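K.L.:
Dumping the structure here so I can ask a few things about it.
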Amino acid sequence: MPCAQSWPGWPAKRLPAKKTMFSNIKAAIIDLDGTMVNTAPDFHAAINRMRADLMLPPLPIENIILFIGKGTENLIRCTLAPDFSPAELAQCFPAALASYMDHYRDIDDQYAVMYPGVLEGLDAFKAKGIRLACVTNKPLPFALSLLEKSGLRNYFDVIYGGDSLPHKKPHPAQMLQVCKDFAVPAAQVVAIGDSSNDAQAARAAGCYVLNVPYGYNHGEPIQGVDSDGIVPTLLEAAHLIG
């Protein structure tokens, strides 16, 4: 499996970034890792403990950040790909996955830090009556645990992880399911995230897209992502909407 994945079905169309386009938004879908919480240090620790179990040297956090966002399996495959042939990687992958999951569970979000403006932004969304969903490619049990520890769980009416549905971002399935859950058309929903993953899924579903500039985006500049605007914080996103 290639380390840089995309969802090839729907062409992206850039819309002009104007406040008026967000005047009828009823719901917001917000990413977790790299958007609300900086979890890269947790990934870094868990990956390197897993690599140590396989008698491999540690990787710098800059390498690991490149592969955050496409799901746990992709993260493990990409961080091990330089060390094994495809056949060797396929053989050791189950043990590597189990090792990583054990270590990530043990780390228990101890290095994760919430980004500035997140709580204030979520409060502002709620004050405007905007319904909130969290959509992440993180496995749902880990996502729920992180949201609870961060004090964010109760802001969200709906939470989907990477294992909640048959497909994960950049496939639009999670976004479309949120629209169905809320009984809100996609044209009245905005997705907010730190990467092209979020933007591609939202575009494919027919939602608006806002990006934050401080996350991961697979090591690429966020300015190159097709979106309806870049907002410095979730609070600024809330000010733009409604």
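The values are calculated or read from the model by the stated rules, or taken from the named source; none is laboratory data. From a predicted model like this one, the values you see are computed outputs, not experimental measurements. As a convention, Cβ positions derive from the backbone with ideal geometry for all residues, glycine included, and neighbour counts pool all protein chains shown. Surface accessibility is based on the protein's heavy atoms, side chains included, excluding ligands, DNA and RNA. Shrake-Rupley method; radii C 1.70, N 1.55, O 1.52, S 1.80 Å.
K.L.:
Quick one: net charge around Arg105, please, counting Lys, Arg +1 and Asp, Glu -1 for every other residue with C-beta under 12 Å from its C-beta. Working shown, then result.
P.N.:
Values: positive: Arg49; negative: Asp42, Asp102, Asp106, Asp108, Asp109.
Residues near Arg105 contribute -4 overall.
K.L.:
So how exposed is Lys149, as accessible area in Å² (1.4 Å probe, rounded to 10)?
P.N.:
Here the accessible area works out near 110 Å².
K.L.:
What's the magnitude of the charge dipole for segment 84-132 around its Cα centre, counting Lys and Arg as +1 and Asp and Glu as -1 at the beta-carbon? Answer in Debye, nearest 20. Intermediate results must be reported in sequence, preceding the final value.
P.N.:
Working: 4 positive and 7 negative charges, 80 e Å.
Dipole of segment 84-132, to the nearest 20 debye: 380 debye.
K.L.:
Compare the peptides 89-99, 41-51, 60-70 by average per-residue count of other Cβ atoms within 10 angstrom and give them in order, highest first. Don't jump to the answer; show the numbers that get you there.
P.N.:
Working: 89-99: 14.8, 41-51: 21.2, 60-70: 18.8.
Those peptides, ordered most packed to least, come out 41-51, 60-70, 89-99.
K.L.:
On to the next question. Figure the gain on full extension for Asp181 and Glu120 (residue separation times 0.36 nm, minus the Cα-Cα span) and round it to one decimal in nm.
P.N.:
Numbers: separation 61, 0.36 × 61 = 21.96 nm, distance 2.51 nm.
Once the chain is fully extended between Asp181 and Glu120, it gains 19.5 nm.
K.L.:
Follow-up question, since we're still on this one. Give, rounded to the nearest 20 debye, the magnitude of the charge dipole that the chain has about its Cα centre when Lys and Arg contribute +1 at Cβ and Asp and Glu contribute -1 at Cβ. Write out the running numbers ahead of the final one.
P.N.:
Working: 20 positive and 24 negative charges, 185 e Å.
That gives a dipole near 880 debye.
K.L.:
Could I ask something else about it? Note the angle between two axes, namely the Cα long axis of helix 196-205 and the longest principal axis of the Cα atoms of the chain, as a number of degrees from 0 to 90, rounded to the nearest 10.
P.N.:
50
K.L.:
Run through every distinct alpha carbon pair of segment 19-140 and return the Kirkwood hydrodynamic radius in angstroms, one decimal place.
P.N.:
Details: mean 1/r = 0.0616 Å⁻¹.
By the Kirkwood definition, the hydrodynamic radius is 16.2 Å.
K.L.:
Another question, if that's okay. Rounded to two decimals, what is Rg over Rh for the chain when you use alpha-carbon atoms and the Kirkwood radius?
P.N.:
Working: Rg = 17.6 Å, Rh = 18.1 Å.
My calculation puts Rg/Rh at 0.97.
K.L.:
Something else about it: Could you please report the charge total around Leu89, scoring K, R as +1 and D, E as -1 over all other residues with beta-carbon less than 11 angstrom from its beta-carbon? If you can, show how the numbers build up before the last one.
P.N.:
On the way: positive: Arg77; negative: Asp83, Glu88.
After counting each charged neighbour, the total is -1.
K.L.:
Take peptides 24-37, 113-126 and line them up by average Cβ neighbours within 10 Å, highest first, as a rough protection proxy.
P.N.:
Values: 24-37: 24.1, 113-126: 17.9.
Those peptides, ordered most packed to least, come out 24-37, 113-126.
K.L.:
Then there is this: Enter the angle in degrees (range 0 to 90, nearest 10) between the Cα long axis of helix 40-53 and the first principal axis of the Cα atoms of the chain, meaning the one along which they spread out most.
P.N.:
Once rounded, the angle reads 20 degrees.
K.L.:
Mean projection of the alpha-carbon convex hull of segment 40-104 over all orientations, in nm²?
P.N.:
Details: hull surface 15.0 nm².
About 3.8 nm², averaged over all directions.
K.L.:
Taking the 0 to 90 degree range and rounding to the nearest ten, how far is the long axis of helix 118-127 tilted relative to the main principal axis of the chain, both from C-alpha atoms?
P.N.:
Once rounded, one gets 30 degrees.
K.L.:
With a 1.4 Å probe and all protein chains left in place, how much of the accessible area of the chain comes from carbon and sulfur atoms, in whole percent? Mind dumping the intermediate values first?
P.N.:
Details: 6100 of 10560 Å².
It is 58 percent, rounded to a whole number.
K.L.:
Another question, if that's okay. Could you calculate, for segment 74-185, the ratio of the Cα radius of gyration to the Kirkwood radius, expressed as Rg to Rh? Can you show the working numbers first?
P.N.:
Working: Rg = 17.1 Å, Rh = 16.3 Å.
Result for segment 74-185 is an Rg/Rh of 1.05.
K.L.:
Assign unit charges at the C-beta atoms only (+1 for Lys and Arg, -1 for Asp and Glu), then state the dipole size of segment 52-140 relative to its Cα centre in Debye, rounded to the nearest 20.
P.N.:
It works out to roughly 540 debye.
K.L.:
Pairs of Cα atoms under 8 Å, at least six residues apart: use those to get the relative contact order of the chain, whole percent.
P.N.:
On the way: 440 pairs, mean separation 72.1, N = 242.
Reported as a whole number, the value is 30 percent.
K.L.:
With labels modelled as points extended 7 Å from the Cα through the Cβ direction, what inter-label distance (nm, one decimal) is found for Lys128 paired with Glu88?
P.N.:
A separation of 5.2 nm, rounded to one decimal place.
K.L.:
Projecting each Cα onto the charge dipole of the chain (Lys/Arg +1, Asp/Glu -1 at the beta carbon, about the Cα centre), which of Met21, Thr39, Leu89 comes out farthest on the positive side?
P.N.:
Working it through, the farthest residue towards the positive pole turns out to be Met21.
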